[in-house]
2 protein chains.
Amino acid sequence: MSSFSPSYSCHKLQESMLSSASSFKNYRGILNWCVVMLVLSNARLFLENLLRNGILVDPIQVVSLFLKDPYSWPAACLVIVSNVFILVALYTERKLAMGSISEKVGLLIYIFNLTIILCFPMVVVLKLLSITPVGGAFALGVYTILFLKLYSYKDVNWWCRERTQAKARNIYYFVFAPTLCYELNFPRSESIRMGFLLRRLFEMTYFISNVLSIVFQWMVPIIRSSMKPLQEMDYSRMTERLLRLAVPNHLIWLIFFYWFFHSSMNFVAELLRFGDREFYRDWWNSETITYFWQNWNIPVHKWCLRHFYKPLLRRGAGKLLSQSAVFFASAFFHEYLVSVPLRMFRLWAFMGMMAQLPLAWFVARFLRGNYGNAAVWLSLIIGQPITVLMYVHDYYVTHCQDDPTIAEAL
Amino acid sequence: MSSFSPSYSCHKLQESMLSSASSFKNYRGILNWCVVMLVLSNARLFLENLLRNGILVDPIQVVSLFLKDPYSWPAACLVIVSNVFILVALYTERKLAMGSISEKVGLLIYIFNLTIILCFPMVVVLKLLSITPVGGAFALGVYTILFLKLYSYKDVNWWCRERTQAKARNIYYFVFAPTLCYELNFPRSESIRMGFLLRRLFEMTYFISNVLSIVFQWMVPIIRSSMKPLQEMDYSRMTERLLRLAVPNHLIWLIFFYWFFHSSMNFVAELLRFGDREFYRDWWNSETITYFWQNWNIPVHKWCLRHFYKPLLRRGAGKLLSQSAVFFASAFFHEYLVSVPLRMFRLWAFMGMMAQLPLAWFVARFLRGNYGNAAVWLSLIIGQPITVLMYVHDYYVTHCQDDPTIAEAL
């Protein structure tokens with residue numbers, strides 16, 4: 001509109017934006033589209049429910065996921081007990097700093113403390129039948145996070161003592177801070193932004209209700225109807241049910257990701273004025289499986305790199321061996337967090353994690369660019385529900401089949 | 001991994017990528033996610049159909065959308081006749097170039113030719129009852145495109161004669177080229193890339209089958225069940241049906257966009273070695289309604305700017321008046337392309353287009369950034385099915401209600 005004279009030539013040689021030859025990459029709007037579609041679909045679902053059969057989400061059923069008996073809170077008690085292990089770590093460090101115990105004794109106490117942190121909740125969850133699977137998984141998750149945090153605490157304090165640096169004893173700040181890597185002085189943000197805090201709080205409550213409605217309105221009916229084909233090993237019907245389950249399962253995972261890594265972690269960080277908000281990087285653009293695992297969960301990735309991978313390299317282990325060791329540890333914790341609460345040792349989660357290694361090799365070897373990215377998405381969308389369906393099937397066969405009332409409740 | 005010494009500080013002050021405060025914009029992966037989800041959902045739907053009731057997409061029903069009588073092809077005949085108007089334009093230009101007719105006579109012939117281009121197919125579609133609505137819309141679409149192209153042809157040749165430039169007579173190349181703006185020498189690509197051509201061809205056939213399955217498996221049942229609430233004006237049920245219709249309708253529009261503006265236009269351009277592939281810009285990031293209308297359909301936008309908006313400005317019209325005139329013309333053509341094939345003059349499409357003006361003002365005035373973008377998406381997702389449902393309802397009431405066989409077929 002700058003010149004008023006009619007222009008003869010109004011075309012030039014250029015590619016379409018969506019062509020892979022174009023370098024255009026800004027698709028922020030597509031993300032907003034996903035949010036709008038999610039909100040709209042939920043609004044419709046809600047309206048349909050009100051019209052047809054009222055709300056299917058039963059508050060008592062939701063509570064009973066966490067509690068069997070309203071007067072005994074075993075998972076909550078387990079979490080409270082965890083303070084003991086924090087205090088043990090703190091006092092060990094104090095003694096080490098004062099020099100009243102030797103480095104060797106300190107290391108022994110740490111090894112003992114960290115082993116108990118992993119074993120004690122496992123034994124409790126396996127033996128105490130009043131703990132529900134969801135409650136058990138929650139308690140084990142808290143203990144696993146604590147294990148990683150105290151391991152980092154030990155390492156960093158040891159490094160500091162080696163260089164005789166000043167020590168800060170901010171252990172409870174570290175326990176609540178959204179990171180697994182200890183350091184003496186965390187970067188802090190200037191103030192608590194109330195608007196930001198309230199938006200994250202709103203997201204947290206909204207997405208929880210979202211997940212609940214997806215589980216009860218969408219997944220439970222599919223899982224219920226998948227049992228018969230699974231038992232009869234009817235393959236075409238099993239594939240159909242698996243693909244049908246894949247969509248809500250994937251949506252829940254995506255919502256969980258946003259809820260945990262964006263809303264909740266930012267909420268806690270804002271409250272504690274914790275400055276480093278890099279809880280994830282752009283894993284949605286992953287063109288290799290490796291890139292995905294390095295970028296979707298930054299706290300764990302940072303911990304693995306700082307306290308596991310690099311120490312292994314320093315001790316002379318090769319790159320491939322160290323990487324495989326990290327995957328192996330990760331597979332162990334995945335299995336630990338699933339098998340123990342369900343009281344079933346099936347190794348599906350472990351195998352799912354270990355299968356990432358050959359998959360990563362295959363994708364890196366044969367697929368590039370957008371095709372690699374599509375392969376990563378496909379492994380997420382299809383791989384997860386296979387594992388979920390395996391556990392659900394085994395849980396159903398061992399727990400529910402002989403008991404018709406539970407089978408009906410499921 | 002570059003340094004082997006353990007690092008004490010591993011956090012720094014930074015925002016999360018998904019926060020609006022972060023400047024990160026690369027979400028190309030989300031686009032791939034959409035494609036993977038679309039393909040998977042379709043695979044599941046296909047499998048479900050095979051298992052349940054075979055394929056619902058009836059080839060005869062598809063063909064009958066275009067033809068009532070397999071021995072008369074009125075829409076195809078109309079398209080063939082359109083060559084007459086192209087030749088009239090070509091010979092008028094030849095005479096004008098030779099100086100055998102005056103500019104005034106030439107302009108009169110053009111006005112006559114262009115008026116006939118719009119009126120002749122309209123009369124045929126309205127009078128010839130053997131033309132189906134889909135066939136009629138197709139023929140009218142072809143004539144509208146021809147109208148815009150020949151208008152541009154006239155303008156550019158007139159500008160060239162004013163400056164006594166060399167003339168090229170590439171009218172048939174221009175008629176088939178994916179642009180509405182004529183120029184003497186189009187930019188050309190170097191060669192035809194066979195791989196690119198085949199990928200676009202594959203997309204074209206894949207997405208057509210995609211749209212057909214969405215229409216027959218998903219939309220027709222919803223529309224059928226929406227008729228009763230619409231007739232009884234049952235508002236809560238109408239809202240529920242509208243939201244339910246919004247999702248497949250929006251998906252079809254998105255697929256149509258990709259099919260027409262990316263696959264088909266790039267296919268034709270590749271065949272003709274037409275160099276300018278900018279058929280759309282990043283409308284998915286639109287933060288205002290105006291930005292959307294300026295970027296989703298570049299051929300029409302370019303034409304409007306070059307042959308309508310700028311000439312109006314040159315003649316002294318104000319910006320707001322010129323913009324409104326463009327919207328008015330666009331609303332006229334939308335109505336023309338819908339009302340005539342359906343043989344119903346209801347002005348819903350016209351009003352839908354004109355409603356964009358106050359909506360654009362509202363969004364620009366009150367919403368910014370991602371909120372503006374969400375508002376644009378919402379107007380697309382919700383606005384379209386309202387208009388579609390209006391036409392379907394009126395078509396049903398006027399055509400089908402008294403004829404039980406048609407009502408049943410719908």
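The values are calculated or read from the model by the stated rules, or taken from the named source; none is laboratory data. If you're wondering where the values come from, they're calculated on a predicted model, not measured in any experiment. Here the Cβ is made from the backbone with ideal geometry for all residues, glycine too, and neighbour counts use every protein chain on show. Heavy atoms of the whole protein, side chains included, go into the accessibility calculation; ligands, DNA and RNA do not. Shrake-Rupley method; radii C 1.70, N 1.55, O 1.52, S 1.80 Å.
One table, with the values for the structure above:
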{"item": "Selection within region A:177-192 - within 10 Å of chain B (Cβ to nearest Cβ) and of a type outside the set (D, E)", "result": "A:A177, A:T179, A:C181, A:Y182, A:L184, A:N185, A:F186, A:P187, A:R188, A:S189"}
{"item": "Every pair of residues 6+ apart whose Cβ atoms lie under 7 Å, when the first sits in region A:272-287 and is closer than 11 Å to A:P299 by Cβ and within 7 Å of another protein chain (Cβ to nearest Cβ) while the second is open to solvent by 10 Å² or more (accessible area, probe 1.4 Å) and part of a helix (DSSP H, G or I)", "result": "A:F279/A:M265; A:F279/A:P299"}
{"item": "In region A:365-375, residue surrounded by the most Cβ atoms within 10 Å (Cβ to Cβ) [restricted to those that are more than 8 Å from every other protein chain (Cβ to nearest Cβ) and assigned to a helix (DSSP H, G or I)]", "result": "A:A375"}
{"item": "Where a residue in region B:70-87 is small (G, A, S) and its partner, wherever it lies, is assigned to a helix (DSSP H, G or I), with Cβ under 6 Å and at least six apart", "result": "B:A75/B:G135; B:A75/B:F138; B:A75/B:A139; B:S82/B:L146"}
{"item": "Where B:F345 falls short, out of the listed (1) surrounded by fewer than 18 Cβ atoms within 10 Å (Cβ to Cβ); (2) closer than 30 Å to A:A43 by Cα; (3) over 18 Å from the mean Cα position of the chain (by Cα)", "result": "(2)"}
{"item": "Only listed residue being under 28 Å from B:L359 (Cβ atoms) and not small (G, A, S), chosen from B:F279, B:F274", "result": "B:F279"}
{"item": "Given (1) open to solvent by 30 Å² or more (accessible area, probe 1.4 Å); (2) without any contact (Cβ under 8 Å) to a residue 24 or more places away in the chain; (3) closer than 21 Å to B:V156 by Cβ; (4) facing chain A (nearest Cβ under 8 Å), number of the condition B:L313 does not satisfy", "result": "(1)"}
{"item": "Matching helices (runs of 4 or more DSSP H) fully within region B:150-266 where at least 1 residues are open to solvent by 40 Å² or more (accessible area, probe 1.4 Å), without any contact (Cβ under 8 Å) to a residue 24 or more places away in the chain and out of contact with any Gly (no Cβ under 9 Å at 6 or more places or on another chain)", "result": "B:194-214, B:220-232, B:235-257"}
{"item": "Filter result (more than 21 Å from B:N26 (Cα to Cα) and within 11 Å of another protein chain (Cβ to nearest Cβ)) within region A:255-265", "result": "A:M265"}
